[in-house]
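First comes the structure, then the notes that go with it.
The values are calculated or read from the model by the stated rules, or taken from the named source; none is laboratory data. What you see is a predicted model, and the numbers here were worked out from it, not measured in a lab. With ideal geometry, Cβ positions are generated from the backbone for all residues, glycine too; neighbour counts draw on all protein chains shown.
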Amino acid sequence: MKISMAALSFLILAAALGSQASIIPRFHHPSDCCFSYTSRRIRCTLMEDYFETSSGCPKPGVIFTTKKGQRVCANPSDSRVQDCMIYLTLTLVPKDLGTLNLR
């Protein structure tokens, strides 16, 4: 019984540490970083969502997700990229928002 309690304790500790790794900035997934920026013009109407890369990435970036599910890295300093981020922020309204009763 003592061995199984030790094993259970170890598993709980490993799970807790594993979940914390995603919170700590230096533990980022490489696919969530931009190593180069697209040279193409960002067309906001083709984009579905975006997020800014972590400060733990080698360079700043914005990753757009197209309506077809592709990911595109863009330069956050580019004014067109900033305009597209604003456009998406304003158009990405939660679908449940229309059902809220605001009195």
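For segment 70-80, residues that are under 16 Å from the mean Cα position of the chain (by Cα), surrounded by 15 or more Cβ atoms within 10 Å (Cβ to Cβ) and not polar (S, T, N, Q) total 4. Filtered by the rule that a residue be within 12 Å of Tyr87 (Cβ to Cβ) and loosely packed, with under 14 Cβ neighbours inside 10 Å, segment 38-47 gives Arg43, Thr45, Leu46. Applying a threshold of 8 Å to beta carbon distances and a minimum spacing of six or more residues, or different chains, the list of pairs starting in segment 67-96 at a residue that is over 19 Å from Ser36 (Cα atoms) and among the aromatic types (Phe, Trp, Tyr) and ending at one that is in a helix (DSSP H, G or I) and at pLDDT below 95 reads Tyr87/Cys44.
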